[in-house]
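Okay, structure first, notes after.
Please treat every number below as a calculation from the coordinates, not as lab data. Worth saying up front: this structure is predicted, and the values here are computed from it rather than measured. Neighbour counts run over all protein chains shown; Cβ positions are idealised from the backbone, glycine included.
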Amino acid sequence: MRQILVIPATLALVSCAAIQPARMRLPDNLAAITTTVLRGLTGWNTGRFEAGDYLGTFRRSESTEILADSFTRRAARAGFTVSGPGLESAIEGRCRMEERSLDAEVEITIEPMAYSCDFASEGQAIPARLELREVVDGGTAAYRHERRGEFQLDGERIEIASVHDVEGIANGTITPIGYVFEKNGRPIGALDLSSGPELKLPADIEEDLASALTVAALALAVLPDPAER
């Protein structure tokens, strides 16, 4: 005979209330931070967004091709425009992503995810670029989609690394829960994808660096991540 377990409603409510959304674990030196929510970027492929004093539009698309019932090619295109403090004129980002895999009973990645963005202002290319790649080496976990890259704008070179650590949880996430931005090996900001998404910056950050990190965060937030599929 099947037994039915009855849980009192009050206990169920307490249990539900105890469940909190997963939050990205921030680097220790980002304790004194400001948080900017990137509003309007979730759930749609085109639209408008706002990130504090920064405003803009975005668009994105993705596709999957299966060849010979075994080879899968995933690709995406994304673009956005943004204007705001520290930017002399609106910046346009033009981004592309591609990865290839082989289905041999289990899916094997043969060309890891590669994501790149070029940038322009007033119709002219500017010396700025974002590169992000999935990496598998001695310092990464085989079961995670870990990424590393860099962003350059107006002479600022910023290193990017995916974050998989969650507050209060021993085991991390398979897909990135966010990204940390570093300069000369020191964390200077983070993009939290667990909610929002949200850009976390030190409270005393300079305006030029804050604007560069905002552009980088938007380029990452607009990506249709193939790992989520």
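Summary of values
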{"quantity": "Alpha-carbon centroid distance for the pair region 152-193 / region 87-136, whole angstrom", "calculated": "17 Å"}
{"quantity": "Computed Rg/Rh of region 146-211, alpha carbon atoms with Kirkwood Rh", "calculated": "0.99"}
{"quantity": "Calculated P(r) of the chain - Cα pairs past 33 Å, %", "calculated": "24 percent"}
{"quantity": "Residue 37-residue 66 pseudo-label distance in nm [points 7 Å out on the Cα-to-Cβ vector]", "calculated": "3.9 nm"}
{"quantity": "Two-site FRET efficiency, residue 152 against residue 175, from Cβ-Cβ distance with R₀ of 30 Å, rounded to 0.05", "calculated": "0.75"}
